[in-house]
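Below: one structure, written as structure tokens.
The values are calculated or read from the model by the stated rules, or taken from the named source; none is laboratory data. From a predicted model like this one, the values you see are computed outputs, not experimental measurements. Quick reminder, even Gly has a Cβ in these numbers, built from the backbone with ideal geometry, and neighbours come from all protein chains shown.
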């Protein structure tokens, strides 16, 4: 079978799972076929994990999802990490908001200094 047909069939299969993201699917497949690494960044809930799972399944790879920093902190330090985790999530949301102002990001950066780092650093991971 011709490689162009295989790639076209693969794209069609992926696009049947990931709806409305044809460009992202094309770029992701091209990156992987070229032997490159792929970092998928976007706002929460738009299908980044689904795209990675679909790529892995379609190409016969194993899929595992790395934990985000906030998840890793929460699982390792529990309640002591909650303020830091919440701050990280707010910062991530602010970065992706279309109307994110420099002031909103600056306020989060100032808040960073007030987080309970001494409590977190004094505690041993689970």
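Report yes if some residue within the range 54-63 is over 30 Å from residue 20 (Cα atoms) and either modelled with pLDDT of 70 or more or outside the structural domain of residue 8 (by TED's automatic domain parsing) (or both); otherwise report no.
No, that holds for no residue.
Only one residue in 19, 39 is more than 26 Å from residue 89 (Cβ to Cβ) and part of a loop (DSSP other than H, G, I, E, B), so which one is that? First the steps, then the outcome.
On the way: 39 fails: more than 26 Å from residue 89 (Cβ to Cβ).
Testing whether each residue is more than 26 Å from residue 89 (Cβ to Cβ) and part of a loop (DSSP other than H, G, I, E, B) leaves just 19.
Out of curiosity, is residue 32 within 25 Å of residue 89 (Cα to Cα) and surrounded by 15 or more Cβ atoms within 10 Å (Cβ to Cβ)?
On the way: within 25 Å of residue 89 (Cα to Cα): no; surrounded by 15 or more Cβ atoms within 10 Å (Cβ to Cβ): yes.
Taking the combined requirement at face value, the residue does not satisfy it.
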